[in-house]
Amino acid sequence: MADDPGHGDDRTDGRDETEAERADRRWTELMQEIRVAQTGVQILLGFLLTVVFTPHFQGLGTTDKTIYIVTVVLGSLATGALIGPVPFHRIVAGRRIKPHAVVWASRLVFTGLVLLLATLTSALLLVLRVATDDPYVPWLVTAVLAWYLVCWFALPLWARSRYTRGE
């Protein structure tokens, strides 16, 4: 399972588990992680889908409407990727391929998180553009994006390189 993103080879971490037990544990961990992201992205997408029906939406300029459309599409893609592991598991359950299912589900979750990052950034850009015509909006959005990148990717990658032995 060394090709499983985000997971090293557990046979060297002191766990005495079979491949099936390892796959079960990883699946459970992945499902716990997904619950957090799924809820957030579903609420965000639900909100985004209602915006088009508000009177204020009709007054938006072409650029803001384009940002909105991009945001909704990104949110839809993120939702699909983050929910994807559930039907994936249902379709392959009982086929004795859980280790492979865990790898593919992990890839879907990572893709969903990247799409969620893009959705949040795009939504923030749209909201701040509508809320203010301040020329600092792109800089503020860039700063928030940098914060997301630090929290979601840089810090975990730093910790992985700092506390693991090249696994």
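The values are calculated or read from the model by the stated rules, or taken from the named source; none is laboratory data. Fair warning: this is a prediction, and the values are worked out from it, not measured in the lab. Every residue, glycine among them, receives a Cβ derived from its backbone with ideal geometry; neighbour counts consider all protein chains shown.
Numbers for the structure displayed
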{"item": "Flag for Leu48 being hydrophobic (A, V, I, L, M, F, W, C), part of a helix (DSSP H, G or I) and in contact (Cβ under 8 Å) with a residue 60 or more places away in the chain", "result": "yes"}
{"item": "Verdict on Ile83 being among the hydrophobic types (A, V, I, L, M, F, W, C) and closer than 30 Å to Glu17 by Cβ", "result": "yes"}
{"item": "Close pairs (9 angstrom Cβ cut-off, 6 or more residues apart or separate chains): closer than 16 Å to Ala123 by Cα in segment 139-159, outside any helix (DSSP H, G or I) anywhere", "result": "Leu140/Asp134"}
{"item": "Flag if Gln38 is surrounded by 12 or more Cβ atoms within 10 Å (Cβ to Cβ), closer than 19 Å to Thr121 by Cα and at pLDDT below 90", "result": "yes"}
